[in-house]
1. Report, please, the projected area of region 365-418 averaged over directions, based on the convex hull of its C-alpha atoms, in nm².
2. Which of the residue pairs Lys118/Lys353; Lys6/Lys548; Lys517/Lys618; Lys6/Lys773; Lys368/Lys532 have a Cα-Cα distance greater than 25 Å in the structure shown?
3. What is the ratio of the Cα radius of gyration of region 679-754 to 2.2 N^0.38 Å, where N is its residue count, to two decimals?
4. With every protein chain left in place, what is the accessible area per residue of region 564-640 in square angstrom, probe 1.4 Å?
5. I'd like the Kirkwood hydrodynamic radius of region 593-659, using the inverse of the mean 1/r over distinct C-alpha pairs, in Å.
6. Considering only DSSP beta bridges where both residues belong to the chain, give the percentage that are antiparallel (nearest 5).
7. Just round it to a whole percent: the fraction of Cα-Cα distances in region 112-195 exceeding 21 Å.
8. Rounded to the nearest 500, what is the chain's calculated 222 nm mean residue ellipticity when only DSSP H runs of at least 4 contribute -39500 (n - 2.57) each, over all residues?
Amino acid sequence: MEIASKYNPVDIEKKWYSYWMENKYFHSEPDEREPYTIVIPPPNVTGVLHMGHMLNNTIQDVLVRRARMQGKNACWVPGTDHASIATESKVVAKLRDEGINKKDLSREEFLEHAWEWKEKHGGIILEQLKKLGASCDWDRTRFTMDDALYESVIQVFIDLYEKGLIYRGIRMVNWDPKAKTAVSDEEVIHKEIQSKLYYLNYQVEGEDEFITIATTRPETILVDTAVCGHPNDPRFKKFHGKNVIVPLVNRAVPIIQDDYVDMEFGTGALKITPAHDIHDYEIGLKYKLKSIDIFNDDGTMGDAAQLYIGKDRFDVRKEIIEDLKKAGNLNKIEDYVNKIGFSERTDEVIEPKLSLQWFLKMPELAKKALKVVEDNTIQFHPEKFKNTYRHWMENVRDWNISRQLWWGQRIPVYYLPNGEMLVAKNPEEALEKAKTEFGLKDIKTNEIKQDEDVLDTWFSSWLWPISVFDGIRFPENEDIKYYYPTNDLITAPEIIFFWVARMIMAGNEYRDEIPFKNVYFTGIVRDKIGRKMSKSIGNSPDPLDLIKDFGADGVRVGMLLTSPAGNDLPFDESLVEQGRNFSNKIWNALRLVKGWEVDNNIETPESNKLGINWFEEKFNQTLSQIEKSFDDYRISEALMSTYKLIWDDFCSWYLEIVKPPYQKPIDKFTYEKTLDIFERLMQVLHPFAPFITEEIWHLLKERQEGDDIIISSIPTSVNFNESIINEFGLAEKIIGGIRTIRREKNIPQKESLKLFAKNNDETEFSFYPLVQKIGNIETIEKVEEKPEGSMSFIVGSQEFYIPLSSSIDVEAEIAKLEEELKYTNGFLISVSKKLSNERFVNNAPAAVVDKEKQKKADAEARISVIEEQLKNFGK
């Protein structure tokens with residue numbers, strides 16, 4: 001069989017992925033086997049593959065492929081998220097490029113454009129995942145706006161509303177002026193920003209005195225409705241009951257007292273703007289202050305500002321400072337570092353804003369969801385994230401579930417002409433309810449108005465493990481009863497609140513059961529200097545380019561080797577290069593083995609028998625470690641054990657032990673055992689590197705149709721003999737001693753040597769035949785004394801000697817060693833003098849002193865070695 005000289009991942013990956021798909025190996029239907037289920041964290045339908053996706057989906061695929069090989073009915077459900085804000089933003093931008101303004105379209109017309117965009121651009125990321133080797137059940141691909149999933153969301157809203165858990169109210173929300181919608185607390189990212197603190201003078205009404213306040217947001221003073229001091233602050237007691245004049249608009253507002261004010265911050269006086277700060281809002285409620293909204297939805301100044309109308313808030317900040325300076329109200333400006341909230345979706349500065357929104361009551365849902373994590377019904381890997389989860393669940397706030405968008409599940413609330421409202425699955429049901437439940441017998445469809453808002457995207461995602469199996473609409477269907485709860489969730493810690501916690505709540509509420517048994521948190525993929533990889537920063541390679549250059553297996557292995565659960569992955573291209581080199585190493589091993597000529601008539605050498613016995617024990621020892629790593633969700637460690645077993649133990653040792661002499665045949669027993677071992681190694685590696693292992697599986701032996709590695713039974717560990725492994729460890733050290741002498745004395749490997757072992761209790765050693773072959777040792781004999789003119793080394797308590805051949809110029813070797821000894825002694829004296837200098841030791845940095853101490857220790861060790869070598873020459 002002709003095997004290509006180089007491994008070509010591009011052709012092989014395409015061939016095998018098509019083959020697996022054609023044979024429906026990824027597809028799952030309920031049957032009598034144990035199910036193993038993972039639901040993909042649905043990427044945004046707008047998205048393309050990035051490094052985080054690569055890591056996350058590689059781990060999922062490893063777990064799914066391994067489960068499939070364990071005989072489980074593996075089901076990995078793929079799909080995408082409709083991503084309300086991101087998708088609407090892209091559609092609006094596309095329309096703008098075409099000269100169309102969203103405002104000029106009806107809702108239905110806009111949604112037509114949105115669906116057209118989704119059909120054209122959506123789902124690209126799922127096709128890209130196929131390049132990675134993702135073995136998803138593509139027949140089960142779901143989208144959060146599919147009819148079944150859409151209806152599930154509506155049904156859940158109605159149910160929670162009727163349970164009294166959903167309510168409508170005016171609240172201070174996080175407003176995204178770019179997306180023109182509210183976002184939840186969890187969708188706000190706080191960044192430390194270099195700002196300015198502006199000190200402004202407010203004149204006390206009817207007096208010549210001023211109260212100075214400090215603010216980072218001077219543009220909001222135009223709608224201040226009070227100035228507040230602490231009741232115990234003596235600076236403001238004389239102003240109790242008086243008013244101040246708001247600069248520029250000259251409006252009188254009261255001076256109030258509240259212990260919320262920090263007397264130490266700024267001037268101790270606080271401007272109160274209830275419509276634009278959550279704390280001011282609460283003070284406003286307490287003192288019945290008026291709330292005036294200064295901004296339009298896009299962050300420009302509204303009519304209520306009276307000044308700067310229509311201008312952007314940040315432009316106004318610069319302009320108003322100049323005007324305050326001219327008016328004599330600007331006291332001073334200081335540099336100030338503060339934390340500003342940014343929209344996670346658009347990176348726009350969040351504006352606190354009073355808005356009429358829909359909310360879901362969270363406390364009761366959170367209690368149950370916290371309990372199942374605290375008692376380990378759901379296990380987190382690593383466990384440290386339980387603390388983060390607990391903190392959020394114990395401080396949970398009601399979830400703002402409405403979004404001022406058109407793309408998404410429209411809130412199923414209908415408003416009646418009499419001021420009443422009702423919930424219904426559709427307009428037809430709403431009309432029927434209006435007639436039967438509200439007595440409006442003559443009401444027409446056009447008299448009922450549906451709420452304009454859509455639901456937060458996460459309100460569909462939180463149902464994902466249930467809704468992908470249609471378990472909301474049909475709670476007793478075969479799929480949901482078989483596949484739910486799922487087994488493992490692989491996700492990023494930054495969505496522990498957005499998604500993980502809420503899915504647990506939904507599972508408790510709608511299945512009375514957890515949605516998954518384990519949550520594996522990946523780390524963040526970062527660049528060499530620790531920045532999160534991002535295409536916007538430009539520090540992220542294109543994953544598809546990496547796959548093209550290094551092969552999918554190379555990328556998978558390279559990324560997983562250094563990505564322990566919950567810890568960030570410091571990515572460097574050398575990692576995937578290491579992965580590619582691993583593929584090449586295995587390929588070259590295959591070419592070596594398949595290039596051997598087999599002779600059925602020759603005996604199996606004793607060294608080969610020893611090598612085979614050792615490797616079987618080593619294989620089972622390592623396999624038990626791999627299984628333990630998987631049990632503990634230490635996927636990176638499982639791969640590292642596999643990697644070392646193949647690279648070090650199989651390629652570097654086993655093949656070296658059993659390979660026949662140059663141009664000589666190999667015995668049949670060794671050849672067949674080697675193929676068998678190679679085959680099992682490929683099975684263990686397959687979850688990590690699916691393409692090369694499937695290719696090698698079919699090149700090792702002729703296969704019957706359907707005999708494919710993807711559905712083969714993965715080996716399981718059996719008891720192993722540790723003493724054989726330990727004995728081989730000694731053999732390794734003996735061979736290492738022989739190689740060191742060869743290297744130091746420039747003795748070529750082809751020149752055979754004699755080895756003498758000092759006679760003692762440990763002289764008997766079963767692995768000597770193996771040492772003879774690898775070390776190219778002519779004979780191994782016991783002696784009572786060290787032979788003259790020999791070099792020695794010690795392994796354990798056993799001393800070994802190698803007589804030097806006549807080809808070595810003993811006098812020249814002695815001269816060389818004596819010269820090195822002289823130089824090293826001189827170096828030691830120099831370092832010792834420096835370390836005996838108290839001034840140096842006391843004043844030099846500790847690291848410098850430690851380095852000198854290490855130099856001294858190294859010199860002393862080298863002198864000891866040289867003296868021992870001279871002693872071997874009788875000096």
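The values are calculated or read from the model by the stated rules, or taken from the named source; none is laboratory data. Note that the structure is predicted; figures quoted are calculated from it, not measured. Don't worry about glycine lacking a Cβ; one is built from the backbone with ideal geometry, like all the others, and counts go over all protein chains shown. With ligands, DNA and RNA removed, areas are computed over all heavy atoms of the protein, side chains included. Shrake-Rupley method; radii C 1.70, N 1.55, O 1.52, S 1.80 Å.
1. On the way: hull surface 26.3 nm².
Over every viewing direction, the Cα hull of region 365-418 projects on average to 6.6 nm².
2. Working: Lys118/Lys353 31 Å; Lys6/Lys548 15 Å; Lys517/Lys618 32 Å; Lys6/Lys773 30 Å; Lys368/Lys532 34 Å.
The pairs that break the limit, which is 25 Å between Cα atoms, are Lys118/Lys353; Lys517/Lys618; Lys6/Lys773; Lys368/Lys532.
3. Details: Rg = 19.9 Å, N = 76, 2.2 N^0.38 = 11.4 Å.
For region 679-754, the normalised Cα radius of gyration is 1.74.
4. Working: 3450 Å² over 77 residues.
Using a 1.4 Å probe on heavy atoms only, each residue of region 564-640 averages 45 Å².
5. Details: mean 1/r = 0.0746 Å⁻¹.
This gives a value of 13.4 Å.
6. Details: 64 of 93 bridges.
Around 70 percent antiparallel, to the nearest 5.
7. Working: 2195 of 3486 pairs.
Summing the P(r) tail past 21 Å for region 112-195 gives 63 percent.
8. Values: 28 runs with 366 residues, N = 875.
When only DSSP H runs of four or more count, the value is -13500 deg cm²/dmol.
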